[in-house]
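Reviewing the structure listed below.
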Amino acid sequence: MPEPSTAVKNFPRRDARDKLRGHTRYTVDRGRPGMLHATLLRANTPSARIVRIDASEARKMPGVRAIVSAVDAPGRHGIGIADHPLFATGRIRYDGEPIAAVAAETLAQARAAAAAIVVELEPLPAVISMADALAPDAPLVHPDWRSYEVLLEGGARAGNVAWEATVVRGDVDAAFARSDVAIVESVYRVGRQNHVSFEPRAVIASYEDGRFHIETSTQVPWSVRNATARLLNVPPSQIRVTVPAVGGGFGLKFDCALEPFAALLARAAERPVRLVNSRQEEMLTCLCRENAEIRIRSAVTKEGEIVGREAVVLMDCGAYGGEQIFLTTMTAHTLGGNYRLGAVRLASRAIYTNTAPNGAFRACNGVYNTFALERHTDEICAAIGIDPLAFRRHAVLGDGDLGSTGQVFESDVLGPMLDRMAELRTAKPSKRPMAGPRLYGRATTVGTWFVFVGPSAATINLNADGSATLVTSGVEIGSGSMMQALPQIVSNALGLRPEDVIVRAADTDAGGYDVGVGGGRTTVSLGAASMAACVEVRRKLLEVASEMLEVAPGDLVLADGRVEIIGIKGSGATIVEVAERAQRVVGPISGSGSFTGPGVVAMPGCATGHFIDAIDIPVFAVHECEVAVDPETGHVEVLSYAVVQDVGRALNPRAIYGQIQGGVVQGLGYALHEEISIGAKGRIDQTGFETYRTPLAQDVVPVEISLYEGAPSIGPLGTKGAGEVPILNVAAAIACAVSNATGRPVQELPLTPPHVLALLLGNKPSLELPHISASWRDNVFAEPSCVARAP
């Protein structure tokens, strides 16, 4: 194989021209002959018993071709627990829950028919907040939770706790009982964040020749295939999922969404059906980054050694468990990351409430846990009188250190990254003069994330014209991995130009199984599978060339579109000539490859209820910012922002710069602007861009970026995913800087001007979170069995 460094280049996006000119056709832009238009009848109450549904008059209305409801899809799906029906079944659990779906000749006819469906409800008490849900006599969102099918054993659950994951390593009680430690305790709270993808969730489904064809805007075609099959009670092989370009995902489309509704209607109507969420539906039922509440407590020596740490994280999953059940795993690697820990115990709980379900979002779980961990770290530093930068340089994870679950980390990465940030800081003057009379603050934070590896497959067909077609189930969601990283990997292995590698759009009938695009895994998992496919193509190509050139395969090399004799530039034959000959003598050349995470060992017995005990590819980040806070208005201006990001090997530096700039801006939205509130009746108050404020051009600063290369990675050519992690530290860095500027403890996000002004005026009461007990054991169902394990 060629040197990995030859794959590094700033290859431009081949889809950029069409996207900039508005020529790209997303799912929302597509249609089929004879297509019907569909809508969902949604609940407008958070909790009720369904007494009666009568669609008889609606079925008679003009243009109506099909109406389906719970009786047409009685199954349930989910992650860890099958708790989620397609339609509200027996009871309403959140405002916006689908009750029925209608397909008609026009969208207006479908909406009119949906409004004519009679739904008789009996109101039930609702739990809107996690404090409500955990109250002793709280009504249950799922009274029949015991009857649900468990898809993964190990998570504790009861009542309104959908899932509980715990980590216990070492004797935490002994650590906190030491006489030489300071004990620091903190609580934090964060709100929800909407993905605000340009393209809403959209699908077109048809039913032909006994099979469903679902064309959809998704990050996970195989998950859509399998979940739809489960809900429709048909074999997965009866469902084909294809995915054109996706107009933004950020995790919103990392789950099955509208697809089963459209499939049911298409089969019932025997016509293609289009179903697209309105912007209001996207706001009210978005699978948001969840609101969370955190209590964290540490025992630290005066020298800065963290001898004990315990924490409880509550994650609001809304009415159904969904992705949050999986994400309880992540607390071990985000809140339990960054620093060397002596003894540790963590509890992460997904809580049912009568609100819209939440889901995955870029650097899920990590963004708010990094905020909490870094604010807590600054509070530790204040308590023991250590400079925050010096503390971090001393205490961050290094070579041979244990993670919270007992995983052994390789190499020193975070420490040298902090040194790199110090070099950036000293190389340029501070922006402090720009603050003028305003309050000035600066902060540096660290973060730990990971690449979500998992099964991927790839096939490469070498074409007679010397190009290669890469077939996978990967989806182009805007990050560029499918358009840049994968062509660069394949072209480097086969001696082609990246322009000569064609990447086929996802089609589950053509590409093999794949977990999906998200978690920073595309370049790593699909790239590794593509590399494996290249090995087979390369072997076949060299065998044919060897026979043509009468040279041993080992003496040949692929470069610049040619098969050359090693050391003799311009010798041999072109790949086109070899490919053409292969078609005549042995048939077309193709190769297949696959990949899955090799797995990393954790300390046995430390983690309970986890989907991942240890992380295959850790990714680290260091962020620093300067802010100015207006004491009259509470407005926060970001004066400068710098990022040092661990990228393994930067295959396409320019593409990574774009991801980092975009990720920081999205993080600024979470930290400073975007606020979701939920009314007493369980409805999200922000219904559109008039009330949900995202960062605008004047809120953005150019990000100074330094790519840290060389950290260990099992990714192809030493790569790591670069698109997920840029948002990780942003809220933490901003919150720490604002706290330093104002001299006030920052316990909540977002830091909108009213919230900051209340902090400055002393009008904001200290956050308490009494529903998270100060005694860690009171927050979990059972005493973990490994409590006495030595670190």
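Rank by packing, highest mean first: peptides 465-475, 105-115, 520-530, with packing defined as the count of other Cβ atoms within 10 Å averaged across residues.
520-530, 465-475, 105-115
Taking the Cβ-Cβ separation of Val601 and Leu761 as r and a Förster radius of 51 Å, what is the calculated FRET efficiency to the nearest 0.05?
Efficiency, from the Cβ-Cβ distance: 0.50.
Within the chain, which DSSP H helices have Cα atoms that stretch 24 Å or more along the helix axis and a mean Kyte-Doolittle hydropathy of at least -1.0?
Span-like helices in the chain: 366-384, 527-549.
Compare Lys540, Lys428, Lys720 by solvent-accessible area with a 1.4 Å probe and give them largest first, with all protein chains kept in place.
Lys428, Lys540, Lys720
When the helices in the chain are scored as -39500 (n - 2.57) per DSSP H run of 4 or longer and the sum is shared across all residues, what 222 nm value do you end up with, to the nearest 500 deg cm²/dmol?
-7000 deg cm²/dmol
Given N residues in region 633-755, what is Rg(Cα) / (2.2 N^0.38 Å)?
In units of the 2.2 N^0.38 Å rule of thumb, it is 1.24.
What is the chain's relative contact order, in percent, from Cα pairs under 8 angstrom and six or more apart in sequence?
The value is 16 percent.
Mind putting together the pair-distance distribution for region 45-117? All Cα pairs, 10 Å bins, whole percent per bin, short to long.
Going from the shortest bin to the longest, the percentages are 19, 45, 29, 7, 0.
Scaled to the compact-protein estimate 2.2 N^0.38 Å, what is the alpha-carbon radius of gyration of region 570-669, rounded to two decimal places?
Here the answer is 1.98, to two decimals.
Return one whole number: the accessible area per residue of the chain in Å², for a 1.4 Å probe.
Accessible area per residue: 36 Å².
Which value, in debye to the nearest 20, gives the size of the charge dipole of region 289-399 about its Cα centre, when Lys and Arg are +1 and Asp and Glu are -1 at the Cβ?
The calculated dipole for region 289-399 is roughly 80 debye.
Among Leu496, Ser186, Pro125, pick out the residue whose Cα is farthest towards the positive end of the charge dipole of the chain, where Lys and Arg carry +1 and Asp and Glu carry -1 on C-beta, about the Cα centre.
Pro125
Given +1 on the Cβ of Lys and Arg, -1 on the Cβ of Asp and Glu, and no further charges, what dipole in debye does the chain carry about its Cα centre, rounded to the nearest 20?
Once rounded to the nearest 20, the dipole reads 1100 debye.
Let me check against my output: what whole-number percent is the relative contact order of region 581-636, with C-alpha pairs under 8 Å and at least 6 apart?
So the answer I get is 20 percent.
With each pseudo-label sitting 7 Å past Cα toward Cβ, what's the Lys569-Arg59 distance in nm, one decimal?
7.7
Run the numbers on region 49-178 and let me know its relative contact order in percent, using alpha-carbon pairs under 8 Å that are six or more apart.
Relative contact order for region 49-178 comes out at 27 percent.
Rounded to the nearest 20 debye, what is the charge dipole size of region 547-696 about its Cα centre when +1 sits on each Lys and Arg Cβ and -1 on each Asp and Glu Cβ?
In debye, rounded to 20, region 547-696 gives about 480.
Find which of Val664, Gly342, Ala642 sits farthest along the positive direction of the dipole of the chain, computed with +1 on the beta-carbon of Lys and Arg, -1 on that of Asp and Glu, about the Cα centre.
Of the options given, the answer is Val664.
In whole Hz and in residue order, list the ³J(HN,Hα) couplings for region 22-27 that follow from phi through the Karplus curve 6.51 cos²θ - 1.76 cosθ + 1.60, θ = phi - 60°; x for Gly and Pro.
x, 8, 5, 9, 7, 4
Putting +1 on Lys and Arg Cβ atoms and -1 on Asp and Glu Cβ atoms, find which of Ala510, Phe198, Ser481 reaches farthest to the positive end of the dipole of the chain.
The listed residue farthest towards the positive side: Phe198.
Kirkwood hydrodynamic radius (Cα pairs, Å) of the chain?
27.6
Just the accessible area for Tyr207, please: 1.4 Å probe, Å², rounded to the nearest 10?
Taking all protein chains as shown, Tyr207 has close to 80 Å².
Net charge around Val203, counting only other residues with Cβ within less than 9 Å of its Cβ (Lys, Arg = +1; Asp, Glu = -1)?
That works out to 0.
How much of the accessible area of the chain, in percent, comes from carbon and sulfur atoms when a 1.4 Å probe is used?
52
Please compute the Kirkwood hydrodynamic radius over region 672-724, one decimal place, Å, based on all pairs of different Cα atoms.
15.6
When only alpha-carbon atoms count, how far does region 289-414 stretch along each of its three principal axes, as whole angstroms with the largest first?
46, 30, 23
The values are calculated or read from the model by the stated rules, or taken from the named source; none is laboratory data. Treat the numbers as computed from the prediction; the structure is a model and nothing was measured. Methodologically, a virtual Cβ is constructed for each residue, glycine included, from the backbone with ideal geometry; neighbour enumeration extends over all protein chains shown. Keep in mind that these areas ignore ligands, DNA and RNA; they rest on the heavy atoms of the full protein, side chains included. Shrake-Rupley method; radii C 1.70, N 1.55, O 1.52, S 1.80 Å.
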